[in-house]
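The values are calculated or read from the model by the stated rules, or taken from the named source; none is laboratory data. Everything numeric here is computed off the predicted structure, so don't read it as measured data. Glycine gets a Cβ as well: all are built from the backbone with ideal geometry, and neighbour counts include every protein chain shown. Just the protein is used for accessible areas: all its heavy atoms, side chains included, with ligands, DNA and RNA removed. Shrake-Rupley method; radii C 1.70, N 1.55, O 1.52, S 1.80 Å.
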Amino acid sequence: MAMRIAEICFSPSWGGIEHYHVDMTDRLRQRGHYVVPFCRKSSPIEKRIRESGFESICANPFRYISPYTSLKLAYYFRKHEIQSIHLHRTHDLG
């Protein structure tokens, strides 16, 4: 059964976790899931997500707890009827 999944990684870098985020997003899509990737605007992740054929939802959380980013995410979760949220970094929990 296909799920509606949010893949989230707001890292500004490019390394193992970030690579895994892009790879997992693509693999879940290949398995038939509806995947919405969330990433930091103008990050290496955004570039690679777009190269994979996705349109990412971008934000720039400026601290651990970012009310604006939380509201933005909540809006998109409802809009896309997200069933599962997959975070890649503990920093993104806020």
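Annotations for the structure displayed:
- Hey, LYS72 at pLDDT below 90 and assigned to a helix (DSSP H, G or I) or not: yes
- In the stretch 9-21, residue modelled with the lowest pLDDT [restricted to those that are buried (at least 21 other Cβ atoms within 10 Å of the Cβ) and not in a helix (DSSP H, G or I)]: PHE10
- Taking the numbered list (1) exposed (fewer than 14 other Cβ atoms within 10 Å of the Cβ); (2) modelled with pLDDT of 90 or more; (3) more than 23 Å from ALA2 (Cβ to Cβ); (4) small (Gly, Ala, Ser) in turn, SER43 passes all entries but (1).
Residues checked against (1) hydrophobic (A, V, I, L, M, F, W, C); (2) touching a helix residue (DSSP H, G or I) at 6+ places or on another chain (Cβ under 6 Å); (3) open to solvent by 40 Å² or more (accessible area, probe 1.4 Å):
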| position | (1), (2), (3) |
| --- | --- |
| ARG31 | no, no, yes |
| VAL35 | yes, yes, no |
| ARG48 | no, yes, yes |
| ILE57 | yes, yes, no |
| LEU71 | yes, no, yes |
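- Unique match (being over 19 Å from HIS91 (Cβ atoms), more than 13 Å from the chain's Cα centre (by Cα) and surrounded by fewer than 18 Cβ atoms within 10 Å (Cβ to Cβ)) among SER52, SER66: SER52
- Filter result (assigned to a loop (DSSP other than H, G, I, E, B) and either out of contact with any Cys (no Cβ under 8 Å at 6 or more places or on another chain) or on the phi > 0 side of the Ramachandran plot (or both)) within the stretch 44-69: SER52, GLY53, PHE54, GLU55, ASN60, PRO61, PHE62, ARG63, TYR64, ILE65, SER66
- Test: residue in the stretch 22-37 that is assigned to a helix (DSSP H, G or I) and basic (Lys, Arg): yes
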